[in-house]
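The values are calculated or read from the model by the stated rules, or taken from the named source; none is laboratory data. Owing to the predicted nature of the structure, the values given are computational and were not obtained by experimental measurement. Cβ sites come from the backbone with ideal geometry, for glycine too, and all protein chains shown count toward neighbours.
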Amino acid sequence: MLIQAFAIASALVGQDAPAVRPPVPVYSHAQLAGRMREIRGAEWLTLGRSRSGLEISALRFATPGARGKPALLIVGNVDGLQPWSSSLALHHAERLAAQPDGERERALLERADVIVIPCANPDAHERRFTSVRSEREATGGGVDDDRDGRQGEDPPSDVDGDGMITWMRVEDPAGEWIADPADERALIKADAKRGERGRWKLWPEGRDLDLDERVAEDAASDACVNRNFAEEFKEHAAESGAYAMSEPESRALADFVLAHPEIALVVTYGAYDNMVEKPKTTQANARNKLVPAPGVIEADAELLAELGQRYRETTGNTAKGSGNDAGSWQAWLYGHRGLWSLAIHPWDAPLDAKRADAATTDAGPQGAERKPGEEPATSSGAPQGQPKGEAASAKKAKREPSDDAKRLTWIDTHPEEAARFVPWHGFEHPELGPVEIGGFAPFARSEPPASDSATIAEKEFEFLLSLGAELARVRIAELSAKPLAPDLFEVSAAIDNLSRLPLQSASARRTDSVRSLRVRLVLDDGAKLLGGDDALELQRSLGGSGARAEYRWLVRAARLGDIGLSIDTDHAGSDQRRAELKP
Amino acid sequence: MIVLGLVFSALQATPSAPANNGFPGLTAHAAPSVEIAWNRFYDERELYAQLDRMVAAHPGLLSMQVIGHSVENREMRVYTLNNPATGEDREKPAMWVDGNVHGNEVQGGEAVAYVAWYLLENYASNPRVRELVDRSAFYLLPMVNIDGRAAWFRDAHNAHSSRTGRMPFDDDGDGLYDEDAPDDLDGDGSIVQMRKYLPGQGTHRLNPDDPRLLEFVPPNERGIKGDWIVLGSEGLDNDGDGRINEDAVGGYDMNRAWPSFWEPDWVQNGAGPYPLYWPETRCIARFILEHPNIAGVQSFHNAGGMILRGPGVEAFGEYPREDVAVYDALGSEGEKMLPYYRYMVIWRDLYSVFGGFVTWTYEGLGIVSFTNELWNDAQSFGDHPQSGRAADHEFDDRLLFGAGFVDWHKLEHPLYGEVEVGGFKKDVGRVPPSFMVEEMVHRNALFAIRHAEAMPEVDFADVEVSDLGQGLFAVDARIENRRLIPTRTARAAQMKLGTPDRISIRGPHCEVVAGGLRSDRFRPEKLEFVERRPAELVLERGVPGRGEVRVRWLVRGSGSIEIEWRGEKARTVRRNAALP
Ligand SMILES: [Zn+2]
């Protein structure tokens, strides 16, 4: 019953939401599947199975459309430690199903099919729902982490039997951690420059089963699905996996994308963010000895920034994701497949709560609204050490409270959220002797309070609805024929894209991974091409916001009606037209 | 034939088998148990059939397993050469040998089969072969790109085509797959070149001494022009898009598909969407990962006469010095065994390759690995090397009576009108003529076998117990590896690949107080004793090639003790001793 401990803690359903909606709790993989089965009007797709055999499923909302109708893909919890992101993805599917004829819902579905994969990493997801909860992301193959010739012999475990794997601090002269003066429960690294000496060593909760004086250092699994993708894959890092796409989950997701060239844009809810914070950028052709530089190409980053601006305005979210997305799904989508890849970190424990005794007002129940985070969140409950930038100005400056201390303030000012932190408590450890066990409860920093969950989900949905209009859509703006001589025409065509996003991202043009626009001159009944562009032109780029491509041909035809044009894309619609006489 | 083979195999475990079962050429009257003509190439079914004959003749040594299927659903077969009487294959260092990852590079397949054949035929009569076979295993996969090989034999091709596998790929991005391959316009089974006579308007002229040859006429101000233009490979504009032969079957490269230093298609053409994308590559990678006993890798390609090692790209840097020394030793032996072949570094001496197979097996798995490029047409003329088309013709005319060349002949092309087609057939240039095939496969197979001989072999040189007084004993063990290749390459140690070696001591009445590596032969106190678990010492760097490791334990107790060395890439060895 701990499972719902903080998801149903509050009875206050967000009064500021446009309509009163029930909270959006976290769901197990089976519960997600059950709710997905209730959804009408969507096609069930099976992508594959997780390593342990759980199905990775999707729902596809499709309405009839022209060839090449784009699809928008929504993915939850590929990281595995963001189970609420699955609820968010499912929420969107349920909202689309509930009101397919709503004005904005219909507008989206007319522009794009919507495919929802609520739970992309079921095995890690289930760690939220097993009898012992833990934020262990790894689900794949393991390595001999401690190089003792054995593998998986010393995994983390629930030593104190409270149903959670948290942290252990052990008094040790060689320890590097001390209590944050701002909040004794939060740990920071001792700063020698301030004359501080460490007090504790910090370990994940676990035994030292191999008696090597290292605790929980060799778990059975090391590979993480969201480190296993081929973009910037970190070879030889245990968490990356044996090789890129070695995990059944990453492979299933990748193969799904490869099999669906109509996917134009992907929204991934999870640990990463590129909507609140601008991603790291690079030049299109930056290379080091043939190896391309990672990052988002500047032209694409500008467009992402525009979407991000609207995202922040729509949702008010300021939660930044964890920083390094090497080997991640969302980075692969962009870097290798050229797709628009939006990463959203929907919630983190706020950093700006104020205590009642502080000079400013109590954040109160509304303080649970999302407020700015000052540094990228980690998904673990581990203390984070010095706040960023502090080391540089260490001198005698007053120490800024650590982010963990700030999060504790938020918890303290919201008594119903108390379960998010396990107070340090003494424990007699079988190998280490006296220790203290405690820290942030697993998932305490990724699941919003029940009272806010519906509001957050609604705002995210609102942003999602607005994305349909942004997707590139090609159309024939003009196909005209000017008679030059009997049966001889100069044929002019113009093709444009009125949406904000170009037909191809700069990444897609670089990687050549999204198929070009095919422009085919269609000639019937003996009509013949005499000059100009080719009968089949492949257009690799067409900008957004009304950009236009033009073509000219010389055609001999008995009738104007024998001249036509057909344009095709995989992901931005298609169009066809017969030539009209140029006035 | 099979019956005879079975009789033979019953004998083969006995070293006293009849002496005339030797390799022909070494022993008078020698008769192989499986006669195979090694002066020709076999299509994919024939080559498997030859190996199956060897399995039937030597069921105690050679076995076959299917590890997966190709895109066109052909069996991916590994033939395992192992003597179960001396232990399971997984307990022994194993040599992986494959070939033909590029479908047109067919002779790699025969070279792999020859490795099995040579070892089987010589097992009974040659003590050195027997020693090698009894202490190691061979995993032989003759045709990585079996579909490409099948197509190269079956269909009209040239020496360079059918390199790719057969999964459809839209090379030209028009939404259609494999819709415009070259066409065998005259139906003669060869894809050759097209040229057209355009008097006074061309770029080429015919060589006056040999009109089969075209010579380029550079633009000049004297008004001299050629009479011919060159129109590329035989083909049509099948899809009517104004281009010819722009989307043939497949269009990828399964030797750019492996997971170390892999880069996507736009950096490394042919790499595919992610590493091990194609089923052929995936089942091989799985097999290799499931066999950490693989201690040597050889991959056979064509052509050019090369013994190649990584790195594949400059950005990698150089391999660790100790490993380079091993590579250099084998590479220079190879240059002696393979006249006209040069030992080279892929990126520096050939070109950059991201995601190559042998770079994965070394950089990713820590296994000493070579690629050989079989056949160098400089061999055609022995000590009088010539090169170029004229030399090709001279060789073809003199020694093949022109059989390798399709003479220029006229035909009507739907777009170009009257053209001439002609050129060398697919089996000229990258594969040798029949009379040189056997020498090529023998020399290359023997290089792989030599590499296998260099795989680590560990044993205790000596174990000594000395009484230090007050109930304390020192147990000193010297573990040596007589072979060239270390039990752990420097790469494996550096990147912590696989499982480290372990040396342990145990006894029913033995308490281990301390233990560690000895760094000085004469000063036993130079002991790097470990912090914990001294009874099992972990050797990340393994036992060096042609070298040794000395360990010492300080123990208490009495009675028998057993010392064991265990590592992934050599057989486990144990030694018993006793405390006084
Ligand atoms: Zn090759």
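Criterion first (of a type in the set (Asp, Glu) and without any contact (Cβ under 8 Å) to a residue 60 or more places away in the chain) does residue B:35 satisfy it? Give the derivation first.
Numbers: of a type in the set (Asp, Glu): yes; without any contact (Cβ under 8 Å) to a residue 60 or more places away in the chain: yes.
Yes, satisfied.
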Which of the numbered conditions does residue B:372 fail, given that it passes all the others? Conditions: (1) within 26 Å of residue A:242 (Cβ to Cβ); (2) crowded, with 18+ Cβ neighbours inside 10 Å.
(1)
Suppose we filter B:485, B:503, B:479, B:561 for residues that are surrounded by 22 or more Cβ atoms within 10 Å (Cβ to Cβ) and in contact with a helix residue (DSSP H, G or I) (Cβ under 9 Å, 6 or more places away or on another chain); which single one remains?
B:485
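Assess whether residue B:110 counts as being within 16 Å of the ligand (Cβ to nearest atom), of a type in the set (D, E, K, R) and out of contact with any strand residue (DSSP E or B) (no Cβ under 6 Å at 6 or more places or on another chain). Even if it seems obvious, please write down each step before you answer.
Working: within 16 Å of the ligand (Cβ to nearest atom): yes; of a type in the set (D, E, K, R): yes; out of contact with any strand residue (DSSP E or B) (no Cβ under 6 Å at 6 or more places or on another chain): yes.
Considered against the rule, which asks whether it is within 16 Å of the ligand (Cβ to nearest atom), of a type in the set (D, E, K, R) and out of contact with any strand residue (DSSP E or B) (no Cβ under 6 Å at 6 or more places or on another chain), residue B:110 comes out as yes.
Looking for whichever is in the same structural domain as residue B:235 (by TED's automatic domain parsing), over 35 Å from the mean Cα position of the chain (by Cα) and over 27 Å from residue B:366 (Cα atoms) here; the options are B:472, B:400, B:411. Which one fits? Spell out the reasoning first.
Details: B:472 fails: in the same structural domain as residue B:235 (by TED's automatic domain parsing); B:400 fails: over 35 Å from the mean Cα position of the chain (by Cα).
That would be B:411, the only listed residue that is in the same structural domain as residue B:235 (by TED's automatic domain parsing), over 35 Å from the mean Cα position of the chain (by Cα) and over 27 Å from residue B:366 (Cα atoms).
Before we move on, is residue B:270 surrounded by fewer than 21 Cβ atoms within 10 Å (Cβ to Cβ) and outside the structural domain of residue B:148 (by TED's automatic domain parsing)?
On the way: surrounded by fewer than 21 Cβ atoms within 10 Å (Cβ to Cβ): yes; outside the structural domain of residue B:148 (by TED's automatic domain parsing): no.
Judged against the criteria, residue B:270 is not a match.
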Could you give every pair whose Cβ atoms fall below 8 Å, whose first residue belongs to the range B:79-102 and is away from chain A (no Cβ under 14 Å), and whose second residue is of a type in the set (Lys, Arg) and within 16 Å of the ligand (Cβ to nearest atom), counting only separations of at least 6 or pairs across chains?
B:100/B:149; B:102/B:163
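I'd like the full set of residues that are under 22 Å from residue B:406 (Cα atoms) and either within 12 Å of chain A (Cβ to nearest Cβ) or aliphatic (A, V, I, L, M) (or both), limited to the range B:156-178. Step through it out loud before you land on a result.
From the range B:156-178, those under 22 Å from residue B:406 (Cα atoms) are B:156-163; that's our starting set.
Residues satisfying the conditions are B:156, B:159.
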Check the range A:490-507 and report whether any residue there is within 12 Å of another protein chain (Cβ to nearest Cβ) and at pLDDT 95 or above.
yes
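May I ask you to verify whether residue A:474 is among the β-branched types (Val, Ile, Thr), surrounded by 18 or more Cβ atoms within 10 Å (Cβ to Cβ) and within 13 Å of chain B (Cβ to nearest Cβ)?
Values: among the β-branched types (Val, Ile, Thr): yes; surrounded by 18 or more Cβ atoms within 10 Å (Cβ to Cβ): yes; within 13 Å of chain B (Cβ to nearest Cβ): no.
So residue A:474 does not fit the description; no.
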What is the residue count in the range A:536-572 for residues that are hydrophobic (A, V, I, L, M, F, W, C) and either surrounded by fewer than 15 Cβ atoms within 10 Å (Cβ to Cβ) or closer than 15 Å to residue A:489 by Cα (or both)?
8
Out of all the residues in the range B:367-378, is one or more modelled with pLDDT of 95 or more, more than 16 Å from the ligand (Cβ to nearest atom) and not small (Gly, Ala, Ser)?
yes
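Only one of B:162, B:260 is part of a loop (DSSP other than H, G, I, E, B), more than 16 Å from the ligand (Cβ to nearest atom), crowded, with 18+ Cβ neighbours inside 10 Å and not assigned by TED's automatic domain parsing to the domain that holds residue B:417; which? Write out each step before concluding.
Numbers: B:162 fails: more than 16 Å from the ligand (Cβ to nearest atom).
Result: B:260 is the single residue among B:162, B:260 that is part of a loop (DSSP other than H, G, I, E, B), more than 16 Å from the ligand (Cβ to nearest atom), crowded, with 18+ Cβ neighbours inside 10 Å and not assigned by TED's automatic domain parsing to the domain that holds residue B:417.
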So residue B:269 ticks every box in (1) without any contact (Cβ under 8 Å) to a residue 12 or more places away in the chain; (2) within 13 Å of chain A (Cβ to nearest Cβ) but one. Which box is left unticked?
(1)
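Mind counting the residues in the range A:544-561 that are at pLDDT below 95 and within 14 Å of residue A:483 (Cα to Cα)?
As a first pass, look at the range A:544-561 and keep what is at pLDDT below 95: A:544-547, A:558-561.
Those left that are additionally within 14 Å of residue A:483 (Cα to Cα): A:558-561.
Selection size over the range A:544-561: 4.
For the range B:61-71, does any single residue satisfy the condition of being surrounded by 23 or more Cβ atoms within 10 Å (Cβ to Cβ) and either in contact with a Cys (Cβ under 8 Å, 6 or more places away or on another chain) or of a type in the set (Phe, Trp, Tyr) (or both)?
Just the residues of the range B:61-71 that are surrounded by 23 or more Cβ atoms within 10 Å (Cβ to Cβ), to begin with: B:61-62, B:70.
With the extra rule that they be either in contact with a Cys (Cβ under 8 Å, 6 or more places away or on another chain) or of a type in the set (Phe, Trp, Tyr) (or both), the set shrinks to none.
Looking through the range B:61-71, none of the residues is surrounded by 23 or more Cβ atoms within 10 Å (Cβ to Cβ) and either in contact with a Cys (Cβ under 8 Å, 6 or more places away or on another chain) or of a type in the set (Phe, Trp, Tyr) (or both).
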Collect the residues in the range B:363-413 that are in contact (Cβ under 8 Å) with a residue 12 or more places away in the chain, part of a loop (DSSP other than H, G, I, E, B) and more than 30 Å from residue B:228 (Cα to Cα), keeping them in residue-number order.
B:365, B:366, B:367, B:375, B:376
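Assigned to a helix (DSSP H, G or I), surrounded by fewer than 22 Cβ atoms within 10 Å (Cβ to Cβ) and not aliphatic (A, V, I, L, M): which single residue out of A:428, A:458, A:490 fits that description?
Numbers: A:428 fails: assigned to a helix (DSSP H, G or I); A:490 fails: assigned to a helix (DSSP H, G or I).
Selected residue: A:458, the only one of A:428, A:458, A:490 that is assigned to a helix (DSSP H, G or I), surrounded by fewer than 22 Cβ atoms within 10 Å (Cβ to Cβ) and not aliphatic (A, V, I, L, M).
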Of the residues in the range A:226-243 that are farther than 14 Å from residue A:333 by Cβ and of a type in the set (A, V, I, L, M), the one that is nearest to the other protein chains (Cβ to nearest Cβ) is A:242
Strands (runs of 3 or more DSSP E) wholly inside the range B:283-353 containing at least 3 residues that are within 15 Å of the ligand (Cβ to nearest atom), crowded, with 16+ Cβ neighbours inside 10 Å and within 16 Å of the chain's Cα centre (by Cα)
B:294-302, B:306-309
I want to confirm something. Restricting to the range A:271-326 and keeping residues that are charged (D, E, K, R) and in a helix (DSSP H, G or I), which single residue is farthest from the other protein chains (Cβ to nearest Cβ)?
A:313
Selection from the range A:248-270 of residues that are away from chain B (no Cβ under 12 Å) and in a loop (DSSP other than H, G, I, E, B)
A:260, A:262, A:270
Residue pairs, Cβ under 6 Å, 6 or more apart or interchain, first in the range B:542-557 and in the same structural domain as residue B:487 (by TED's automatic domain parsing) and within 15 Å of residue B:575 (Cβ to Cβ), second of a type in the set (Phe, Trp, Tyr) and surrounded by fewer than 16 Cβ atoms within 10 Å (Cβ to Cβ). List them.
none
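Per-residue answers, yes or no, for (1) more than 16 Å from the ligand (Cβ to nearest atom); (2) over 14 Å from the mean Cα position of the chain (by Cα); (3) of a type in the set (Val, Ile, Thr); (4) farther than 29 Å from residue B:250 by Cα:
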site	(1), (2), (3), (4)
B:94	yes, no, no, yes
B:115	yes, no, yes, yes
B:118	yes, yes, no, yes
B:130	yes, yes, no, yes
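Take the range B:503-551 and flag every residue that is outside any strand (DSSP E or B) and under 30 Å from residue B:451 (Cβ atoms). Outline the logic, then answer.
Just the residues of the range B:503-551 that are outside any strand (DSSP E or B), to begin with: B:507-509, B:519-526, B:530-535, B:540-546.
Listed by number, the residues that qualify are B:540, B:541, B:542, B:543, B:544, B:545, B:546.
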So residue B:251 passes all but one of these: (1) at negative phi; (2) within 13 Å of another protein chain (Cβ to nearest Cβ); (3) assigned to a loop (DSSP other than H, G, I, E, B). Which condition number does it fail?
(1)
All but one of (1) within 29 Å of the chain's Cα centre (by Cα); (2) over 23 Å from residue A:81 (Cα atoms) hold for residue A:224, so report the exception by its number.
(2)
Taking interchain pairs and intrachain pairs at least six residues apart, which have beta carbon atoms under 7 angstrom, with the first residue in the range B:289-309 and more than 14 Å from chain A (Cβ to nearest Cβ) and under 16 Å from residue B:95 (Cβ atoms) and the second charged (D, E, K, R) and part of a loop (DSSP other than H, G, I, E, B)?
B:293/B:92; B:293/B:568; B:293/B:569; B:295/B:569
